[in-house]
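Let me begin by presenting the structure, written as structure tokens, before commenting on it.
The values are calculated or read from the model by the stated rules, or taken from the named source; none is laboratory data. Treat the numbers as computed from the prediction; the structure is a model and nothing was measured. Quick reminder, even Gly has a Cβ in these numbers, built from the backbone with ideal geometry, and neighbours come from all protein chains shown.
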Amino acid sequence: MWLVFALLSALFAALTSILAKIGIDGVNSNLATAVRTMVVVFMAWGMVFLTHAQNGIWEIGRKSWIFLILSGLATGASWLCYYRALQLGEVSKVVPVDKLSVVITLVLAFVILREEFTVRAVLGCLLIGAGTLVMVL
């Protein structure tokens, strides 16, 4: 089931880039990010209440709070940079560079989370990096 959700995530991420590029025309990139973020906040809390998960907030431990907040800060920084890049550049160039996050994530998963770094993962990272160069240059 994770694959279905991952594929849907990729589809929605692709739509996000196209819709954002159209919507950001003539709008300050920070303001556009704030508008997008408000929509995401309402959607996320809507799902929490729809699935009756709101009482779980009291069960979140200190460590989880810290890392969820740090993750939120990283997401915010990513979105602010992404929207500015979209405003300044072409979607067909911004998105491949943004997807280098896959390579960076795999390296960080190996270093920080001690996940296995297989030959297949190294090859995939190299191919993503090479593909990004081909698309951007």
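Observations on the model:
- Segment 58-78, residues that are within 21 Å of ASN30 (Cβ to Cβ) and of a type in the set (Val, Ile, Thr): ILE69, THR75
- Residue within segment 110-120 that is closer than 25 Å to ALA20 by Cβ, surrounded by 14 or more Cβ atoms within 10 Å (Cβ to Cβ) and outside the structural domain of LYS21 (by TED's automatic domain parsing) present: no
- Tally, over segment 41-80, of residues that are under 24 Å from LEU108 (Cα atoms) and part of a loop (DSSP other than H, G, I, E, B): 1
- Residue in segment 123-130 that is touching a residue at least 24 places away in the same chain (Cβ under 8 Å) and either not polar (S, T, N, Q) or not assigned by TED's automatic domain parsing to the domain that holds SER29 (or both) present: yes
- Subset tally (residues that are of a type in the set (Phe, Trp, Tyr) and closer than 23 Å to GLN87 by Cα) for segment 1-57: 1
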